[in-house]
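The structure under discussion appears below in the form of structure tokens.
The values are calculated or read from the model by the stated rules, or taken from the named source; none is laboratory data. Just so it is clear, the structure is predicted and the values come from calculations on it, not from any experiment. Cβ placement follows ideal geometry from the backbone for every residue including glycine, while neighbour counts extend to all protein chains displayed.
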Amino acid sequence: MSSAAARKSLGTNVHFTEKLEDGSIFVSRVPKTLPEISEADLPPALHEYKPVERRPLTAELKHAMTKLRNEDPAHWTVSKLAKKFDVPPQVVLMLAPCPKWRREEMQRQADQEWEALGYKKRLIRINRLRRRLLW
């Protein structure tokens, strides 16, 4: 391929130009409006959407969920309660939050694990957190 052929323009692909108030020219290489797409233009659906059928939560079920969570939060986690009562985990988090004493216990355990780490492992985790914050 010659250098002249390599430098040859492939076209400007300008869809429209518009003169602005300050005298400059706005050049757009994308169309102003998107083409109309109908459902007939789309490929067929892979599977039919079926919404999940869930029974409404009664006051007794809400009370039972809260009671189980407060009795043994280590066993009755959010995911286990969600499966047992057939509700999304967000509902469990709203209706039966973790007791304060359990949160403090989990924090103490995490602090102990952090103290047990060596210098290098701590440094690696801190750097990983810093990188994640840059996302």
Of R131, R103, which residue is within 19 Å of K67 (Cα to Cα) and not assigned by TED's automatic domain parsing to the domain that holds D72? R103
Go through (1) modelled with pLDDT of 85 or more; (2) β-branched (V, I, T); (3) part of a loop (DSSP other than H, G, I, E, B) one by one and return the number of the condition V27 breaks. (3)
Specify the residue that is farthest from T58 (Cα to Cα); the eligible residues are those in the range 71-85 that are of a type in the set (D, E, K, R) and surrounded by 13 or more Cβ atoms within 10 Å (Cβ to Cβ). K80
Which condition number in (1) surrounded by 10 or more Cβ atoms within 10 Å (Cβ to Cβ); (2) out of contact with any Leu (no Cβ under 6 Å at 6 or more places or on another chain); (3) more than 30 Å from T12 (Cβ to Cβ) is the one that T58 fails? (1)
Within the range 85-97, residues being under 17 Å from E53 (Cα atoms) and in contact (Cβ under 8 Å) with a residue 12 or more places away in the chain number 4
Against the definition (modelled with pLDDT of 95 or more, of a type outside the set (S, T, N, Q) and either closer than 28 Å to P51 by Cα or within 25 Å of the chain's Cα centre (by Cα) (or both)), how does R108 come out, yes or no? no
